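Okay, structure first, notes after.
The values are calculated or read from the model by the stated rules, or taken from the named source; none is laboratory data. Given the structure is predicted, the values throughout are model-derived calculations rather than measurements. Please note: Cβ atoms are built from the backbone with ideal geometry, for glycine as well, and neighbour counts cover all protein chains shown. Keep in mind that these areas ignore ligands, DNA and RNA; they rest on the heavy atoms of the full protein, side chains included. Shrake-Rupley method; radii C 1.70, N 1.55, O 1.52, S 1.80 Å.
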Amino acid sequence: MLLVVLAAGMAIWLLDDLPSPDDLSTAATTPSSKIYDRGGRLLYEMPSPYTGSHTPVPLKEIPKPLIQATIALEDRDFYRNPGIDLRGIARAVWYNVTQQDTDERPMGGSTITQQLVRTLMLSSEERYEQTLRRKLREAFLAVQITHRYSKDEILTFYLNETYYGNLAYGVEAAAQAYYGKHVRDLGLAECAMLTMLPQAPALWNPLEHLADAKLRQGIVLDRMVAEGYIDTESALLAKGEPLDFAAAPFEIRAPHFVMLVRAFLEQELGLARLQAGGLEIHTTLDVDLNEAARDLLRHRLAMMAVCNHETPCPPGGFNARNGAIVALSPSTGEVIAMVGSPDYFSPRIDGAVNATTALRQPGSSIKPITYAAAFATGMTPATVMMDVRTSFVTQEGTSYVPLNYDLTYRGPVRLREALASSYNVVAVKVLDTIGVEAMTSLARRMGIHSFDDPDRLGLAVTLGGGEVSLLELSSAYAVLANGGYAVTPQFVSTVTDSQGAVLWQQECASAVSCLRESVLDKRIAYLLTDILRDDSARIPTFGEGSVLALGRPAAVKTGTTTDFRDNWTIGYTPNLVVGVWVGNADNEPMQGVTGITGAAPIWHDVMDVAHKGLPIREFERPAGLDEVEVCALSGHLPGPDCPHRITELFVAGTEPITPCDMHVRVGDQVMIALPTEAHAWGREHNVPMLPAQTTPSETSARLALLSPDDGAVYRIDNTLPRAQQKIRVVAVTTDALAQVIVWVDGEVLVELEAPPYEALWQLVPGVHQFQVRGIDAHGHTIEGATATVEVKDG
């Protein structure tokens with residue numbers, strides 16, 4: 001009798017309110033959720049599950065690779081099992097009995113049939129319970145369904161009802177949402193990409209996280225190889241196949257932003273609550289500004305495609321088809337506008353990919369962070385560095401010689417001009433002085449999370465060698481705009497249910513509460529702003545009256561990668577930060593795009609529209625900054641022979657205290673005392689240099705090698721005569737020497753008695769050491785620099 005009672009109790013516990021297998025083909029209708037902009041204007045009405053973006057298709061219209069990929073990833077024994085994973089259920093029972101006090105019970109893998117039961121037949125509350133009861137009820141129903149329906153029918157249900165992210169339920173809706181095509185037209189690579197989405201649609205959405213999605217796609221393809229569905233060569237081809245992302249048109253405003261909000265809330269509220277519907281979602285976006293920005297982007301890209309007297313460009317145009325815009329509040333981090341591409345529904349440009357969150361190389365637009373880190377170590381806008389050819393040894397031990405955008409050098413340059421005019425050599429020198437970690441650490445504190453592995457980032461990171469997203473870099477610029485406080489991009493202000501109860505609310509509702517962590521001295525933030533708004537300092541590169549100038553105070557920086565794949569402009573006023581990227585989603589290079597012909601005009605246009613009708617605001621200058629007159633050449637206090645003087649801004653305590661040491665009077669003439677590294681530049685530009693004298697700031701290197709660079713690697717070209725394959729060997733000295741001798745591998749290459757101290761050396765395979773020595777007028781030997789190079793046989 002006791003057993004009967006226990007069995008009855010177990011049955012009630014397990015089977016109470018259990019739905020019928022016949023309910024599989026019906027799904028409850030839930031109310032839709034609505035997403036609004038900051039003014040209450042509707043952006044999108046999210047359809048409830050299985051309505052709107054949901055078009056069931058028969059199994060015969062679903063590509064075989066999609067069916068095979070799903071089985072390989074989700075349930076390799078699908079056609080052989082009884083609808084359940086008996087070993088998984090056994091593990092769940094065992095843990096329930098033996099580990100009752102633990103909060104983590106491995107529940108075992110779920111079959112396709114079990115996942116279908118969970119999706120369509122369990123309530124939204126029970127669906128995500130991690131309990132033995134839910135697992136057993138799910139298994140019981142899965143077995144019933146296996147007896148009630150054929151395997152093909154179950155698989156058809158699964159493929160038509162599973163959520164694939166991006167508001168798409170079922171494979172046909174997913175194909176339309178990601179590729180803008182019917183599921184029957186998908187290829188192997190596209191099928192593999194869709195298959196991995198149900199496991200984590202928000203985390204692996206290829207429109208937001210393409211790199212992660214590609215990794216998961218590779219796992220799916222490897223599983224297909226393991227199960228014998230495809231061969232290794234087919235998998236490799238699919239992994240390398242570029243995908244064109246687009247969506248079939250539907251009614252939506254600010255689509256990239258809406259999809260980002262949808263993914264954000266899925267993480268914050270959970271998929272079950274989001275699917276339950278009935279939400280009123282109020283966001284930070286200004287849809288009027290967003291659509292104006294989109295239209296301006298389209299207009300400028302169209303202008304760049306046509307060459308005429310108003311838009312001079314290379315033959316065939318600039319080849320710039322895509323772009324993105326972010327506008328956010330520097331005081332709260334609220335995203336006011338987000339245009340991920342000029343046309344969300346265009347497959348030609350991968351329009352559905354949100355380029356504001358994609359990782360791209362930022363070019364010189366990353367440089368302000370380098371200089372901010374340098375100023376934090378005591379450097380100043382008046383610090384002078386030599387813009388001359390310089391070789392750096394990388395972490396790999398090879399030579400790295402950065403070049404300026406115009407392939408020229410400018411000799412002594414103050415950091416104000418170097419940043420404003422975007423000189424590459426000086427930027428690398430600054431980073432080499434302070435260390436890569438100092439810069440990347442500050443970048444992370446300012447909100448750039450892609451700089452999480454400093455070991456893979458070298459000196460080229462200051463020229464854009466590391467990847468960032470437009471959204472994160474724009475957020476980092478907000479730190480400069482707001483006086484040094486890190487901000488987190490905000491997309492949503494409040495979420496309420498149908499009864500008005502608040503389910504989620506932005507943590508900070510004002511500038512005071514949003515600006516919580518100071519990551520940069522407010523005086524340094526202002527110095528960067530003062531430089532980036534200095535039209536005079538950027539004249540050498542951008543000229544007078546460039547598109548970077550607004551009719552109000554604004555700080556701005558451009559960036560272009562050396563291969564012309566990415567062009568950036570990011571700038572700010574006290575009211576707003578605007579970031580613009582121009583390029584191509586498929587990484588095809590643009591043609592001849594410069595700092596002021598790509599993103600900059602779009603930035604200017606968006607800034608004008610965003611500030612229309614707003615009063616002009618000055619950047620607030622903090623206390624603790626001093627103005628000091630300095631020599632324009634040396635950056636030190638001006639001496640009696642300094643012809644040009646400027647007033648510079650300094651953090652109190654960092655102003656110069658020593659007089660200029662570059663202008664030296666010799667008789668009736670003022671000479672320029674340049675350091676050794678700049679002597680070749682000085683001779684080339686006919687600078688009246690102080691002869692045979694070391695500058696007061698020099699303590700070493702009286703005899704140096706300018707070429708070859710230490711660590712340089714050369715390769716012999718077997719298509720050319722070897723006798724013609726030579727390199728220049730160049731030495732410089734600050735002393736009046738009677739003789740300069742260049743040695744290679746312990747043997748004399750050349751003996752020279754007057755400058756220029758240059759010779760040619762024919763390339764020979766192997767590792768070679770160069771050394772330079774000098775003999776002064778008294779016969780004393782001066783040991784100079786050495787350089788080791790490697791020559792590889794072609």
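Data table
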{"quantity": "Residue 299-residue 502 pseudo-label distance in nm [points 7 Å out on the Cα-to-Cβ vector]", "calculated": "4.0 nm"}
{"quantity": "Listed residues 333, 361, 413: farthest to the positive end of the dipole of the stretch 321-478 (Cβ charges)", "calculated": "413"}
{"quantity": "By accessible area with a 1.4 Å probe, ligands and nucleic acids excluded, highest first: order of 118, 617", "calculated": "617, 118"}
{"quantity": "In the stretch 158-256, chymotrypsin sites (Phe, Trp or Tyr not before Pro) in a DSSP loop with at most 16 other beta-carbon atoms within 10 Å", "calculated": "250"}
{"quantity": "Karplus-derived 3J(HN,Hα), 6.51/-1.76/1.60, for each residue of the stretch 667-681, Hz, glycine and proline x", "calculated": "x, 8, 10, 8, 9, 10, 8, 9, x, 3, 4, 9, 5, 4, 4"}
{"quantity": "Portion, in percent, of the accessible area of the stretch 257-303 that falls on carbon or sulfur, probe 1.4 Å", "calculated": "49 percent"}
{"quantity": "Lys, Arg +1 and Asp, Glu -1 on Cβ, resulting dipole of the stretch 742-794 about Cα centre, debye, nearest 20", "calculated": "100 debye"}
{"quantity": "GluC sites (Glu not before Pro) within the stretch 218-278, DSSP loop, no more than 11 other Cβ atoms inside 10 Å", "calculated": "251"}
{"quantity": "Surface per residue (accessible, 1.4 Å probe) for the stretch 638-680, Å²", "calculated": "51 Å²"}
{"quantity": "Other-chain or far-sequence residues with amide H under 5 Å of residue 645's (modelled H)", "calculated": "632"}
{"quantity": "Fraction of alpha-carbon pairs over 22 Å apart in the stretch 170-252 - percent", "calculated": "22 percent"}
{"quantity": "Shape call, the stretch 209-319: gyration tensor on alpha carbons, a/c limit 1.5", "calculated": "oblate"}
{"quantity": "Accessible surface, the stretch 339-397, averaged per residue in Å² (probe 1.4 Å)", "calculated": "29 Å²"}
{"quantity": "Greater than 27 Å apart at Cα, pairs in 64/239; 151/214; 64/151; 135/214", "calculated": "151/214; 135/214"}
{"quantity": "Apportionment of accessible area to carbon and sulfur, the stretch 555-687, percent (1.4 Å)", "calculated": "52 percent"}
